[in-house]
Amino acid sequence: MTKLSVNINKIATLRNARGHNRPDVLQVARDCERFGAQGITVHPRPDERHIRYQDVRDLKRIVTTELNVEGNPTPDFINLVREVRPEQVTLVPDAPDAITSNAGWDTIEHQIYLLGVVTELKALGCRVSIFLDPNPAMVKAAVGTGTDRIELYTEAYAQQFHADPAAAIAPYRTAAILAQELGIGLNAGHDLDLDNLAYLKQNLPGLEEVSIGHALICDALYFGLENTIQLYRRQLV
C-alpha cells in the first residue's frame, strides 16, 4: 500500500497569521497520525513564513510514524537536518522566495553537488529523496547521486488530469517504470487531491509514498480532518 504523508505547512501558515499558537502544529501532527496519516511532511523555508525551524525540532520529538523534511539544501537547512535527523529528507531546488515548489532538479548538471549532499544525509541515517520532473534523463542521472528515492513533481499531471487522464499520466508512468528498473524508490507529490489521486496510484508501479498538504487541508475544512485523511487513504488502496 502507498503511504500517505500529510504536509502540515498550511496549518503553520494559519497559526502564523495571528502570531499565537492556534492551531497548534504539534497537536495537529499528533491528530493526523491518530487519524491514519502514515507520515508527517514539513517544508521549512528560510523566511519561516509557515513551518519554522523550531517546529521541525519539536516535531521530531513527537512524530511516531515518519518525519519527512523537504527543502533546498542550503547550509542552514543542512545544519537543521544534522541536528534533527528526520527519517526522510526530500531535496527540492526551490528559490528562497518561491511560493511553492515549482520544478525538479537537473540531476545531470547538479549530479556532483547532489552526490555530496546525499552522501552526507545518508551518513546521518536519513533516507533521501530527490524532487524530479518526470524526465527519463533526469531519472537515469539520479542514480549517480546515490539517492534512495525520487519524488515525482506532479503539478503537470494534476493540471492535465481532467482533460485527458491517460496523456497526463503517461510521462509519469514512464518515469516510474524506469525508476523500478534502476532500483530507485518512488514518491510523488504536488497538487494531488481526491479527484486525481486514485488514478495516479493505479498507474504508477512501485509508488511508495505521496505527500499531500494544500488540497487535503482545504478538504478538511468541509469534511473534517479525520474523515479527510481516511478519504485520502482510501484512494491509495
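The values are calculated or read from the model by the stated rules, or taken from the named source; none is laboratory data. Small disclaimer: the values here were computed from a predicted structure and weren't measured. So basically every Cβ, Gly included, is an ideal-geometry build from the backbone, and we count neighbours across all protein chains shown. Quick note on the areas: whole protein, heavy atoms, side chains included, nothing else; ligands and nucleic acids left out. Shrake-Rupley method; radii C 1.70, N 1.55, O 1.52, S 1.80 Å.
Full-extension gain between Thr119 and Ala167, please, as 0.36 nm times their residue separation minus the C-alpha to C-alpha distance.
Values: separation 48, 0.36 × 48 = 17.28 nm, distance 3.60 nm.
Contour length minus Cα-Cα distance gives 13.7 nm.
Please identify the GluC sites (Glu not before Pro) of region 1-98 that satisfy two criteria: DSSP loop assignment and at most 13 other Cβ atoms within 10 Å. Which are they?
Glu48
Can you tell me the dipole magnitude for the chain around its Cα centre, using point charges on the Cβ only (Lys, Arg +1; Asp, Glu -1), in Debye to the nearest 20?
Numbers: 23 positive and 30 negative charges, 135 e Å.
Charge dipole, the chain, about its Cα centre: 640 debye, nearest 20.
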Which net charge results for the neighbourhood of Val237, defined as the other residues with beta-carbon distances under 14 angstrom from its beta-carbon, given Lys and Arg at +1 and Asp and Glu at -1? +4
Assigning unit charges at the beta carbon (Lys, Arg +1; Asp, Glu -1) and nothing else, what dipole magnitude in debye, to the nearest 20, does region 1-130 show about its Cα centre? 540 debye
Glu83-Thr64 pseudo-label distance in nm [points 7 Å out on the Cα-to-Cβ vector]: 2.6 nm
Between Gln159 and Asp31, how high is the FRET efficiency from 1/(1 + (r/R0)^6) when r is the Cβ-Cβ distance and R₀ = 30 Å? Nearest 0.05. 0.45
With the dipole of region 69-192 worked out from charges on the C-beta (+1 for Lys and Arg, -1 for Asp and Glu) around the Cα centre, which of Ile130, Gln160, Pro93 lies farthest toward the positive end? Ile130
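With the other protein chains left in place, how much accessible area per residue, in square angstrom, belongs to region 1-156 at a 1.4 angstrom probe?
Solvent-accessible surface per residue comes out at 43 Å².
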Compactness ratio of region 107-216: Cα Rg over 2.2 N^0.38 Å, N = residue count? 1.06
Whole-Å semi-axes of the ellipsoid equivalent to region 1-108 (Cα gyration tensor, √5λ, descending): 21, 17, 13
So what are the radius of gyration and Dmax for the Cα set of the chain, in Å? 16.7, 49
Debye equation applied to the C-alpha atoms of region 118-163, log10 I(q)/I(0) at 0.19, 0.27, 0.31 Å⁻¹: -0.64, -0.94, -1.07
Just to be sure I understand: with springs between alpha-carbon atoms less than 10 Å apart, which residue in Ala156, Ala142, Ala37 has the highest mean-square fluctuation in the Gaussian network model of the chain? Ala156
